[in-house]
Each structure stands twice: as structure tokens, then as C-alpha cells.
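**Student:** Sharing a structure with you now.
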Amino acid sequence: MLSSCGRFVLQPPTYDLLTGRRPGLIMASGHTVLMRLVASAYSIAQKAGTIVRRVIAEGDLGIVEKTCATDLQTKADRLAQMSICSSLARKFPKLTIIGEEDLPFEEVDQELIEDGQWEEILQQPCPTQYSAIKEEDLVVWVDPLDGTKEYTEGLLDNVTVLIGIAYEGKAIAGVINQPYYNYQAGPDATLGRTIWGVLGLGAFGFQLKEAPAGKHIITTTRSHSNKLVTDCVTAMNPDDVLRVGGAGNKIIQLIEGKASAYVFASPGCKKWDTCAPEVILHAVGGKLTDIHGNALQYNKEVKHMNSAGVLATLRDYDYYASRVPESVKNALVP
């Protein structure tokens with residue numbers, strides 16, 4: 001396993017004494033590597049979401065600045081990434097796993113490990129173009145807590161957990177967990193949800209809805225704006241601009257009809273921010289590229305920064321792409 005998730009001591013897997021099988025893997029026999037991985041990522045993302053909620057409930061966020069005051073890391077980022085990466089590595093030791101947080105060597109507590117698989121995913125057919133994929137051919141991009149700054153400020157609906165899966169440089173499967181989905185809906189509401197998708201199969205866990213026809217509603221960064229971002233958004237002639245945190249959250253705004261385009265003309269976004277959300281958007285007919293219209297690449301050797309920004313839409317991509325100013329394009333080098 002290649003990983004920038006930090007180094008881990010992986011304990012031997014536990015086995016069910018009656019069946020001789022690892023818990024959560026009873027129905028996995030015969031399923032393709034990709035669908036087993038997605039089914040595992042679903043359960044692992046839910047576990048990470050639980051960790052994110054637990055940390056904030058305990059009251060000590062353990063905040064540190066990574067590069068600046070808007071680039072933060074919390075205890076939830078650290079624990080969620082340890083949980084995700086260790087859980088994936090135990091079950092799929094040949095994966096390449098690339099995570100956002102640069103973590104030191106540390107033994108992983110057993111309580112952070114999630115060994116289950118979401119059975120509903122295992123019941124789905126694998127798209128034929130991915131049926132023969134080998135474990136070692138896949139790259140997993142992990143953002144354990146997308147929207148960290150918003151998390152520290154109590155804007156919990158902005159927060160997501162992202163696990164994206166790439167093959168031959170292309171994002172092909174992804175899982176997005178929203179730990180605080182429905183958190184303002186009252187004490188009886190179900191808290192949290194998980195969205196997942198595979199190209200060629202579809203995206204699941206939400207109700208697809210388009211933005212109002214004829215309206216240009218832009219979603220863009222809340223905490224990383226600059227002149228390039230502002231100039232690009234203004235050029236779209238928007239009817240409204242939604243400034244929110246998290247790439248995962250912005251893509252959800254597109255697929256649920258709250259926004260018509262996600263515009264970020266800046267090099268601040270990383271591959272772990274876009275891999276999983278891109279899959280969900282593409283699986284329902286949308287499009288995500290850099291500001292120049294180039295597809296993003298997700299092979300293990302690629303630079304982590306999306307240096308030419310992000311442009312994404314559910315519909316009418318050409319309209320928004322045609323309005324990106326040349327000055328913006330010239331300033332952002334792919």
C-alpha cells in the first residue's frame with residue numbers, strides 16, 4: 001500500500017469463530033473488487049461521520065493551523081483519516097491511498113476500525129468496464145473532513161467526509177457522508193446521510209433536482225475568495241451567489257437544485273476535495289473540469305493541487321465555460 005495518510009501499525013483482522021470469515025465479508029464472495037471497495041467505503045464513511053460528530057460533542061476540537069488561519073486541522077480530521085485509511089488498508093492492502101492530512105506514525109486504536117460493508121451496494125451490478133479491475137490499479141483519495149473551517153465555526157451543514165476512487169487517472173466511484181444532514185430538522189429527524197455513486201451505474205442516496213430554469217445561481221468559496229474568484233463569478237452574470245464551505249457541499253448544492261454552477265477560479269482546491277464529488281456529479285449527467293475545461297487527473301503521481309481551479313455544473317456547462325474571462329484563464333496554469 002502506498003499512502004500519504006501517515007504510517008499505521010495494522011493489527012491482524014478478527015474472524016468470526018463460527019464461520020471462519022471476517023465480519024462484514026460474509027456476502028462479499030464473488031463480487032468485483034470495485035463494488036466491494038465501494039461497499040466498504042460506504043460503511044467506513046459512516047464511521048468517520050460518527051467520529052466527526054463525537055469530537056464536537058466532546059467539546060475539544062484540538063484545532064491546529066496547517067499553513068494559515070483558514071487552513072485548519074482538528075482532532076476530527078485526524079481521527080477520521082486514521083479510521084478511513086486504516087480500515088481501507090486492512091481490507092484492501094494493495095490500494096494506493098492518498099489522504100489530506102499529513103499524520104505521523106501512530107498505532108491505530110481498534111475502535112477506529114470499520115470492517116463492515118454496505119450490503120445494498122454489493123447487490124448492485126458492477127459496470128462491465130470495471131469488472132476486471134485489480135486492487136493495485138485503484139487510487140483512493142480521502143478528505144476526512146471537508147469544510148474544516150466551517151466545522152470549527154458551527155456551520156455543520158457544510159461538512160462532508162469524502163472517499164473518491166480513481167482508475168487510470170479518472171474518478172470512477174465515490175462516497176460522500178454528511179455527518180450533520182438534517183441536524184436542524186428537530187430531535188426526531190434522522191441525523192446524517194451517505195451518498196454514493198459509480199460511473200455507469202448511477203448515484204444514490206439523494207433526490208436529484210435541477211436549479212430553477214433560466215436562473216444563474218453560483219456556489220463558490222466562503223473562506224478562500226480573491227480577485228480571480230470574484231472576477232470569474234461576476235462574469236457569469238449571476239442572479240445569486242452562495243458562498244459556502246466544502247467542495248462536497250457545493251456539489252450537493254448542484255445535484256439538489258440549490259445552485260446551477262460551482263465556480264472556483266483559484267488553485268486552493270485539492271484532488272481529495274474533488275474526486276468523490278466529481279463522480280456523483282458525472283454519474284447524474286453533470287460535468288466538472290478545471291477553469292480551462294480540462295478533465296482532472298487522479299493517478300497516484302499527479303500533483304495534489306487543482307492548480308487551474310474548478311468549474312462544475314449539472315446542466316448548461318457550455319454557458320458557464322464560455323463566460324470564464326481570458327484574464328482568469330491566463331492567471332491559472334493547468
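**Student:** State, to one decimal in nm², a quarter of the convex hull surface area for the C-alpha atoms of the chain, i.e. the direction-averaged projected area.
**Tutor:** 17.0 nm²
**Student:** May I pose another question? Any idea what the dipole of the chain comes to, in debye rounded to 20, about its Cα centre with Lys/Arg Cβ at +1 and Asp/Glu Cβ at -1?
**Tutor:** With Lys and Arg at +1 and Asp and Glu at -1, about 460 debye.
**Student:** Got a sec? Charge dipole of the chain, +1 on Cβ for Lys and Arg, -1 for Asp and Glu; which of 96, 285, 260 is way out at the positive end?
**Tutor:** Going by the charge dipole, the pick is 285.
**Student:** Between residue 302 and residue 188, what is the FRET efficiency for a Förster distance of 56 Å, r being their Cβ-Cβ separation, to the nearest 0.05?
**Tutor:** E between residue 302 and residue 188, to the nearest 0.05, is 0.80.
**Student:** Of the accessible area of the chain, with the probe set at 1.4 angstrom, what percent is carbon plus sulfur?
**Tutor:** Carbon and sulfur together cover 50 percent of it.
**Student:** Now for a different question. Take each of the peptides 49-62, 123-136, average the number of other beta-carbon atoms within 10 Å over its residues, and list them starting from the highest.
**Tutor:** 49-62, 123-136
**Student:** Check cross-link reach from residue 209 to the aspartates and glutamates: straight Cα distance under 16 Å, and skip same-chain residues fewer than eight apart.
**Tutor:** Output for residue 209: 256, 316.
**Student:** Same structure again: Counting only heavy atoms of protein chains, what accessible area per residue, in Å², does the chain have with a probe of 1.4 Å?
**Tutor:** Per residue, the chain has 42 Å² of solvent-accessible surface.
**Student:** When only C-alpha pairs under 8 Å and at least 6 residues apart count, what is the relative contact order of the chain, in percent?
**Tutor:** Computed over the chain, the figure is 16 percent.
**Student:** Turning to a different aspect of this structure: Say the dipole of the range 157-242 comes from +1 at the beta carbon of Lys and Arg and -1 at that of Asp and Glu; which of 169, 201, 212 then lies farthest toward its positive end?
**Tutor:** It is 169, whose Cα lies furthest towards the positive end.
**Student:** While we're on this one: If you place +1 on the Cβ of every Lys and Arg, -1 on the Cβ of every Asp and Glu, and leave all else neutral, what size is the dipole of the range 201-334 about its Cα centre, to the nearest 20 Debye?
**Tutor:** Dipole magnitude for the range 201-334 comes out near 260 debye.
**Student:** Still on this structure, please answer the following. Under 25 Å Cα to Cα from residue 170, which lysines show up? Leave out anything in the same chain fewer than 8 places away.
**Tutor:** 91, 94, 134, 250, 270, 271, 287, 300, 303, 329
**Student:** Roughly how big is the range 271-334's charge dipole about its Cα centre, with Cβ charges of +1 (Lys, Arg) and -1 (Asp, Glu), in debye to the nearest 20?
**Tutor:** With Lys and Arg at +1 and Asp and Glu at -1, about 60 debye.
**Student:** For residue 330 and residue 120, FRET efficiency with R0 = 45 Å and r from the beta-carbon atoms, rounded to 0.05?
**Tutor:** The calculated FRET efficiency here is 0.45.
**Student:** Quick one: work out the % antiparallel among DSSP beta bridges in the chain, nearest 5.
**Tutor:** Given both bridge residues lie in the chain, the antiparallel proportion sits at roughly 70 percent.
**Student:** How about residue 75: which lysines have a C-alpha closer than 18 Å to its C-alpha, ignoring those fewer than 8 places off in the same chain?
**Tutor:** 47, 66, 149
The values are calculated or read from the model by the stated rules, or taken from the named source; none is laboratory data. Because the structure is predicted, anything quoted here is derived from the model rather than measured. Every residue, glycine as well, gets a Cβ built from its backbone with ideal geometry; the counts of neighbours run over all protein chains shown. SASA here: full protein model, heavy atoms, side chains in, ligands and nucleic acids out. Shrake-Rupley method; radii C 1.70, N 1.55, O 1.52, S 1.80 Å.
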